[in-house]
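Presented below is the structure to which this report refers.
No lab work stands behind these numbers, since they all come straight from the coordinates. These numbers come from a predicted model, not from an experiment. Positions of Cβ are backbone-derived with ideal geometry, glycine not excepted, and every protein chain shown enters the neighbour counts.
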Amino acid sequence: MSTNKVYGDAPNSIPLKELPSRWEYSDPAFQEGISEEFTIDHSKHSLFGASKAAADLMVQEYGRYFGMATCCLRGGCLTGPQHSGVELHGFLSYLVKCNIEGRDYKVYGYKGKQVRDNIHSEDVAAFMYQFYLNPQCAEVYNLGGGKENSCSILEAFELTRSITGVSQRYTYVEQNRIGDHICYYSDLRKMKSHYPTWSITKSLPQIIEEISHAWKKRLG
């Protein structure tokens, strides 16, 4: 399990356009998102991202050097009803928890229009199973929800409100997090071409609804 943080902040170099509720790629080459061919060099990764990149390369090397069936899954926002999100990890789960508890949510920079793609844990497990059935050698896949399951923080607020009936309280902090992606969602075309029976089965509204029900049950 790798991460999209292996790309560091290089995706921020892609030209963007500002829409009412999100940032979006303006370069047609990225209309489907970030592919596995995107550079991991000349960018700021964070120590977490750098450590993941090192492990990612080692896994690839075992595949190429020894001919082993290895795979790096560069995850986007992996989530689901059992995800116990906190402020620095688990964006969607934590956001929904804040909404249900009436807690203030801090938005760090980019006008709250920064974009992430979200994938349900069942769809993650389903892809792992497909790889198990038909393993590849030294492969890399960007495992995320793709464009259809992408949302900005502002859009996540609205989606959550439509499910819980509660508007989100939030505080805006002008300074963005260092190395944070302005817009990132995974190009799923390689995954789907290698494993055509696999697809995203859980939509973003479904994911948020499941997370909402789970938090309400846990919080009593």
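Determine ³J(HN,Hα), in whole Hz, for all residues of segment 117-124 in sequence, where each value follows from phi through the Karplus function 6.51 cos²θ - 1.76 cosθ + 1.60 and θ = phi - 60°; x replaces Gly and Pro.
9, 10, 10, 6, 4, 5, 6, 5
Percent antiparallel among DSSP beta bridges with both residues in the chain, to the nearest 5?
30 percent
Candidates (i) 69, 45, 32; (ii) 53, 36, 31; (iii) 51, 39, 30; which is the computed Cα extents along the principal axes in Å?
So the calculated entry is the one marked (ii).
Expressed as an acute angle from 0 to 90° and rounded to the nearest 10, what is the orientation of the C-alpha long axis of helix 204-219 relative to the principal long axis of the chain?
Tilt relative to the chain: about 60 degrees.
What order do you get for 160, 70, 201 when you list them from fewest to most C-beta neighbours inside 10 Å?
201, 70, 160
What pairs in 111/192; 52/106; 147/192; 111/217; 5/113 have C-alpha atoms more than 23 Å from each other?
Violating the 23 Å Cα-Cα cut-off are 111/192; 52/106; 111/217.
For segment 22-45 and segment 79-144, what is the centre-to-centre distance using only Cα atoms, to the nearest Å?
If we compute the Cα centre of each part, the gap is 18 Å.
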